Amino acid sequence: MKTLAQRFTFSREKAGLTQLQLAEKAKVSQTTISKIENGETKKPKDINRFAKILRVSVDFLETGEEQNSNSSQLEGLSYSAADLVMLIQELDKQNSIPDSVYKSLKVIIESGFSPKQIAVPSESIKKGLDSQIRD
């Protein structure tokens, strides 16, 4: 994808949002979203807010590249975001998420999970995830 417009549209669609839904979440007009996606707006002033909502980095939207990718931030963990979401849902069904882990996960999810903001998981969390997946 060569343009911000293409990456923005791709990210919105991947997030499962319509232009209107994204506009409502970002508290902007649908016209604002449309102008970004048709290339009329080259440097959106709310790009940080859009990136957070779309769960992508500003670097990706602006350049198509990730300067701090999840893989380098998570030191070789082989869990995808989908794996972690499924694990969290399963543990939640079983009421087996310790309160401290639940609170940490809630903060991460609510923050929009930006690898630039979140430290690498501790060894105890990695071991806990490994043991839960093996069970």
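Determine the pairs where a residue that is closer than 13 Å to A51 by Cα, located within the stretch 1-28, has a partner that is aromatic (F, W, Y) with Cβ atoms under 7 Å apart, the partner being 6 or more residues away or on another chain.
R7/F60; A26/F50
Here are some residues: K35, K42, K52. Which one is basic (K, R) and at pLDDT 95 or above?
Matching residue, one of K35, K42, K52: K35.
The values are calculated or read from the model by the stated rules, or taken from the named source; none is laboratory data. All values reported here derive from a predicted model rather than from experimental measurement. All Cβ positions, glycine included, derive from the backbone under ideal geometry; neighbour counts span all protein chains shown.
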